[in-house]
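Throughout, read-outs are computed from the coordinates displayed, never taken from laboratory work. Keep in mind that what you see is a predicted model, and the values were worked out from it rather than measured.
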Amino acid sequence: MNRGFLIIAIPAFLVSIFWLTLGWGWHTAVIGGCLEIAVGAGVVVYAARRSSAPHSPGPGGPEAGR
């Protein structure tokens, strides 16, 4: 994973939990944190699968017309 992404994502996660706690309390902060972790994990899984998927040449590829 990109180190720059982690430098930005981890503090952003902590700050959002902090503001959720101040604004709406611990229950909302825990739910919001779990949702953020789920979305982050989904993005990581999606990016990993997308980069490892085989690339098809498409309709105009090298075997078009055979």
Inset, instruction - Please say if region 6-47 is rounded, prolate or oblate, where rounded means a/c under 1.5 for a ≥ b ≥ c the square roots of the C-alpha gyration tensor eigenvalues, and otherwise the choice is prolate for a/b larger than b/c and oblate otherwise? - result: oblate
Legend entry - Phi to ³J(HN,Hα) by Karplus 6.51 cos²θ - 1.76 cosθ + 1.60 over region 11-26, Hz, x for Gly, Pro: x, 5, 4, 5, 5, 5, 4, 4, 5, 5, 5, 5, x, 10, x, 5
